[in-house]
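Structure, as structure tokens:
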Amino acid sequence: CGQSLGGADGNWKESASVQETPMQNLGGPYSSGGDVLLRSFSCPGCGILVDTETAMQGDPYLNDRLLIRR
């Protein structure tokens, strides 16, 4: 959609829309302790899901590099 997700020197996840879901709410084989989260990162412009990660509550975002084909 053309939405900027920040510069190459920063963490793009800080510019994304983030939804945090406790893993225990997912049920099935994905259940775990209440401190483990599934983070979903979406484009704030169009809402497309860009990435997910699991993390402990309070952990900083993983600093992944986003590669975009143009």
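Any read-out appearing in this document is the output of simple, stated calculations on the displayed coordinates, not a laboratory observation. On a predicted model such as this, the values are computed, not experimentally measured, just so you know. Heads up, the Cβs are rebuilt from the backbone with ideal geometry, glycines too, and the neighbour counts pull from every protein chain shown.
Tell me which cysteines of the chain come out unpaired when the rule is another cysteine's Cβ under 4.7 Å.
For the chain, the answer is Cys43, because their Cβ atoms have no other cysteine Cβ under 4.7 Å.
Report, in debye and to the nearest 20, how large the dipole of the chain comes out about its Cα centre when Lys and Arg carry +1 and Asp and Glu carry -1 on their Cβ.
Details: 5 positive and 8 negative charges, 68 e Å.
Here the size comes out at about 320 debye.
Given a Förster distance of 25 angstrom, what is the FRET efficiency for Asn25 paired with Asp59, based on the Cβ-Cβ distance and rounded to 0.05?
The value I calculate is 0.90.
Summing Lys, Arg as +1 and Asp, Glu as -1, what charge do residues with Cβ under 15 Å from the Cβ of Gly7 carry, Gly7 excluded?
Details: positive: Lys13, Arg65; negative: Asp9, Glu14, Asp64.
It works out to a net charge of -1.
I'd like to compare 15-24, 50-59, 35-44, 1-10: which one has the highest average count of other Cβ atoms within 10 Å, and what's the full order after that? Could the numbers behind the result be given before it?
Values: 15-24: 14.3, 50-59: 12.7, 35-44: 17.2, 1-10: 9.9.
Final packing ranking: 35-44, 15-24, 50-59, 1-10.
With no solvent and one point per C-alpha, what does the Debye sum give as log10 I(q)/I(0) for the chain at q = 0.21, 0.27 Å⁻¹?
Results for the chain at q = 0.21, 0.27 Å⁻¹ read -0.90, -1.23.
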